[in-house]
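What follows is a set of notes on a single structure, which appears directly below.
Please treat every number below as a calculation from the coordinates, not as lab data. The structure displayed is predicted, hence computed values, not measured ones. So basically every Cβ, Gly included, is an ideal-geometry build from the backbone, and we count neighbours across all protein chains shown.
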Amino acid sequence: MSEQGEIKVYQPGREYFFEEGCFINELSNDSGDPAVSIARARVEPGKLTRWHYLRGTTERYVIVSGTGVVETGELPGTQVSTGDVVSIPPGVRQRIRSVGKDELVFLAICTPRFQQENYVDCDDGE
């Protein structure tokens, strides 16, 4: 990031399907700003992401639109919708399902920034 700041323009064409089971658009994730990353995640109606956790990374979901049920650790599933924030400590397994008729869209904010090598799939087939 420059000393004057930086504007990163949203590029819808950069969205890709991630192995977790959702679509991701990395809005801000680079070595020049290692403290945080921000991704736009999109889960299609009725879809469920895989159980996973992040090593050494705290993740927050900020729900932008849609309705979901999120599970973290051993907590029971909890319904989330626009404006809700879910905080997930490092090493805690997590998954989310889109339960409405519309897709679920949320920002995934990671500290420090998301790095692929810290992603651990732990889906047990549930």
(request) Identify, among VAL99, VAL43, SER31, the residue whose Cα sits farthest towards the positive end of the charge dipole of region 22-121, taking +1 on the Cβ of Lys and Arg and -1 on the Cβ of Asp and Glu, with the dipole about the Cα centre. (result) VAL99
(message) Cut-off 17 Å, label point 7 angstrom out along Cα-to-Cβ of TYR119: give me the residues of region 38-61 whose amide nitrogen falls inside.
(response) 38-44, 48-61
(request) Using only Cα atoms, locate the centre of region 14-42 and the centre of region 86-126, then give the distance between them in Å, rounded to an integer. (result) 11
(message) Expected output is a single nm value to one decimal: the length gained when fully extending between THR58 and ASN25, i.e. 0.36 nm times separation in residues minus the C-alpha distance. What is it?
(response) 10.0 nm
(request) With r as the distance between the Cβ atoms of GLU74 and VAL36 and R0 = 25 Å, compute the FRET efficiency 1/(1 + (r/R0)^6) and round to 0.05. (result) 0.35
(message) For volume of the Cα convex hull per residue in Å³, pick the label among [x] 195; [y] 138; [z] 108 that corresponds to the value derived from the coordinates.
(response) [z]
